[in-house]
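One structure is given below, encoded as structure tokens.
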Amino acid sequence: MNRRAIRNVSSTTAAAAGSITTAVTSVAAAALAASIILSPAADASARLGGVQADLARAVQLNQVTAEQAAKFEAKLAGRILGEA
């Protein structure tokens with residue numbers, strides 16, 4: 001086999017491998033997105049628990065004051081419980 005033919009086979013093989021990798025990655029991303037979309041929504045109490053934990057962490061890190069966290073939690077609780 002001459003060098004040009006070997007180069008063509010090598011580049012074609014590399015391109016095919018890249019296409020397969022892209023396809024596999026796309027399928028994995030689609031499966032993850034579907035699992036997120038189709039998973040049941042968390043109930044209101046679980047959502048509020050998450051909000052409280054996040055706000056407590058923000059207060060510990062001095063990102064917000066305890067008063068700001070309390071006001072924000074009350075605002076979100078109204079929205080979350082209003083949806084339920």
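Data for the structure
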| read-out | value |
| --- | --- |
| Residues satisfying the stated conditions in region 65-84, i.e. of a type in the set (V, I, T) and in contact with a Leu (Cβ under 7 Å, 6 or more places away or on another chain) | I80 |
| Enumeration of residues in region 61-81 that are open to solvent by 70 Å² or more (accessible area, probe 1.4 Å) and assigned to a loop (DSSP other than H, G, I, E, B) | L61, N62, Q63 |
| Where A41 falls short, out of the listed (1) at pLDDT below 85; (2) surrounded by 10 or more Cβ atoms within 10 Å (Cβ to Cβ) | (2) |
| Close pairs (9 angstrom Cβ cut-off, 6 or more residues apart or separate chains): free of Cβ contacts under 8 Å to residues at least 40 places away in the same chain in region 53-77, open to solvent by less than 70 Å² (accessible area, probe 1.4 Å) and of a type outside the set (A, V, I, L, M, F, W, C) anywhere | L55/E73; V59/T65 |
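The values are calculated or read from the model by the stated rules, or taken from the named source; none is laboratory data. As the structure is a prediction and not an experimental result, all values here were calculated from the model. Here Cβ is always computed from backbone atoms with ideal geometry, including for glycine, and neighbour counts include all displayed protein chains. Quick note on the areas: whole protein, heavy atoms, side chains included, nothing else; ligands and nucleic acids left out. Shrake-Rupley method; radii C 1.70, N 1.55, O 1.52, S 1.80 Å.
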